[in-house]
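I have placed the structure first, in the form of structure tokens, so that the comments after it can refer back to it.
The values are calculated or read from the model by the stated rules, or taken from the named source; none is laboratory data. Quantities reported herein were computed from a predicted structural model and do not represent experimental measurements. Note: ideal-geometry Cβ built from the backbone for every residue, glycine included; neighbour counts use all protein chains shown. The area values use the complete protein model at the heavy-atom level, side chains included, leaving out ligands, DNA and RNA. Shrake-Rupley method; radii C 1.70, N 1.55, O 1.52, S 1.80 Å.
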Amino acid sequence: MRDQGRLVEWFDDKGYGFIQPNDLSKDRVFLHIKDFARPGPRPIVGCALEYQVLLDGQGRCRAQQVRYLTARQAQRMRMPGSKNSQPQQQAKLKPMQMGIVLYLLSLGGLTLSGSLSGIILLFILIMNAMSYWMYAQDKEAARQGQRRVPEQTLHVLSSLGGWPAAWLAQQKLRHKTQKQPFRNIYFATIVFNLLLIAWLVSPLNLLKI
């Protein structure tokens with residue numbers, strides 16, 4: 001799949017940088033100097049590029065067969081996305097935001113009524129804080145080309161109640177919003193967590209926690 005974007009970060013001494021796609025809902029794409037389709041001038045921040053998107057061995061989006069775009073080409077390719085991508089993103093976020101608010105209110109109500117232990121609520125809040133922090137660490141590691149946070153760790157935190165912060169991190173940091181099957185597993189962790197909460201407040205819970 002070919003896409004277009006602009007170079008937003010470039011480390012000339014190391015020969016790599018990052019592209020922000022014109023569709024702002026997409027993650028930034030890693031670019032190495034050797035991935036240009038043909039030799040040309042050294043990249044500068046702000047230049048418009050067209051590229052092929054691939055997933056590398058570290059699970060990050062990487063640009064291949066990159067070429068420079070003229071100002072006219074960049075303007076023509078940017079305008080459709082700038083009108084349509086933001087409303088689509090907002091439409092996609094709204095139901096999830098409502099679900100998160102309902103989830104948090106339900107946890108508060110269950111705790112106040114005594115159906116859910118305050119320790120469990122505190123644990124879930126800690127999982128959310130850790131989840132956002134782990135996403136931020138993974139994003140930074142991807143930018144620096146360093147060792148990434150295992151996806152299993154992110155999913156465990158999400159399944160233990162950290163999925164609201166995970167969603168917030170995905171949107172705010174624009175991280176792992178497109179990658180499959182990560183997204184499918186992430187939504188499965190939400191279902192697991194909701195079932196876990198339902199079991200904790202049900203008569204079937206013999207642990208009394």
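Assorted remarks:
- Residue match in the range 114-125 (condition: surrounded by fewer than 15 Cβ atoms within 10 Å (Cβ to Cβ) and either part of a loop (DSSP other than H, G, I, E, B) or among the hydroxyl-bearing types (Ser, Thr, Tyr) (or both)): yes
- Residues satisfying the stated conditions in the range 1-32, i.e. of a type in the set (A, V, I, L, M, F, W, C), closer than 12 Å to Cys47 by Cα and open to solvent by less than 50 Å² (accessible area, probe 1.4 Å): Leu7, Trp10, Phe18, Ile19
- Just one of (1) surrounded by 14 or more Cβ atoms within 10 Å (Cβ to Cβ); (2) modelled with pLDDT under 95 fails for Trp133. It is (2).
- Options Leu102, Leu55: the member that is at pLDDT 85 or above, exposed (fewer than 14 other Cβ atoms within 10 Å of the Cβ) and under 27 Å from Glu151 (Cα atoms): Leu102
- Listed by first and then second residue, the pairs linking a residue in the range 171-196 that is within 17 Å of Val156 (Cβ to Cβ) and part of a loop (DSSP other than H, G, I, E, B) to a residue that is among the hydroxyl-bearing types (Ser, Thr, Tyr) and at pLDDT 85 or above, with Cβ atoms under 9 Å apart and 6 or more places separating them unless they lie on different chains, are Lys176/Tyr135; Lys176/Tyr186.
- Residue within the range 166-178 that is over 30 Å from Ala63 (Cβ atoms) and open to solvent by 20 Å² or more (accessible area, probe 1.4 Å) present: no
Yes or no, residue by residue, for (1) over 13 Å from the mean Cα position of the chain (by Cα); (2) modelled with pLDDT of 95 or more; (3) surrounded by 17 or more Cβ atoms within 10 Å (Cβ to Cβ):
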residue: Glu140; (1), (2), (3): no, no, no
residue: Pro150; (1), (2), (3): yes, no, no
residue: Phe192; (1), (2), (3): yes, yes, no
residue: Leu195; (1), (2), (3): yes, yes, no
